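What follows is one structure encoded as structure tokens, with my remarks underneath.
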Amino acid sequence: MSGSVNGHEDPADQPPWAMQLALRVEKNAPPSHLAVCESAAMAVVTLLADPRSAPGGEWHEAVAAWESRRIRKVVRRARGVRWEALGALTGVLVGIA
């Protein structure tokens with residue numbers, strides 16, 4: 001799907017980009033829908049404010065490419081071993097109390 005939304009375009013010859021978000025969801029204490037939305041919003045703000053996203057930072061090119069297209073986020077759930085495995089990935093971590 002290509003086209004312009006709010007001045008952002010998806011290049012016709014490239015797949016859409018989506019920021020991947022992982023949310024810790026325990027079976028015995030699932031978060032509310034509002035908490036999920038707050039966490040996603042805080043993760044995006046934290047990523048954009050991170051020095052690695054600034055010009056010269058290791059994430060700058062990828063973040064700039066994401067910002068120039070339609071803004072998409074994919075939220076996935078993780079718990080237990082899968083949540084622990086996320087610690088090996090480079091990224092930002094936020095928490096909502």
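Give the residue that is farthest from Gly95 (Cα to Cα), with candidates limited to residues of region 13-32 that are of a type in the set (D, E, K, R) and open to solvent by 80 Å² or more (accessible area, probe 1.4 Å).
Applying the filter and picking the extreme gives Asp13.
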Residue in region 74-86 that is touching a Leu at 6+ places or on another chain (Cβ under 9 Å), free of Cβ contacts under 8 Å to residues at least 40 places away in the same chain and either open to solvent by 60 Å² or more (accessible area, probe 1.4 Å) or closer than 25 Å to Asp10 by Cβ (or both) present: no
Residues of region 68-79 classified as at pLDDT 85 or above and either over 18 Å from Val36 (Cα atoms) or among the hydrophobic types (A, V, I, L, M, F, W, C) (or both), total: 1
Test result for Arg69, touching a residue at least 12 places away in the same chain (Cβ under 8 Å), over 18 Å from Gly95 (Cβ atoms), surrounded by 13 or more Cβ atoms within 10 Å (Cβ to Cβ) and more than 12 Å from the chain's Cα centre (by Cα): yes
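The values are calculated or read from the model by the stated rules, or taken from the named source; none is laboratory data. Here the structure is a predicted model, which means the values were calculated and not measured. Every residue, glycine as well, gets a Cβ built from its backbone with ideal geometry; the counts of neighbours run over all protein chains shown. Side chains are part of the model used for accessible areas, which takes the heavy atoms of the whole protein and leaves out ligands, DNA and RNA. Shrake-Rupley method; radii C 1.70, N 1.55, O 1.52, S 1.80 Å.
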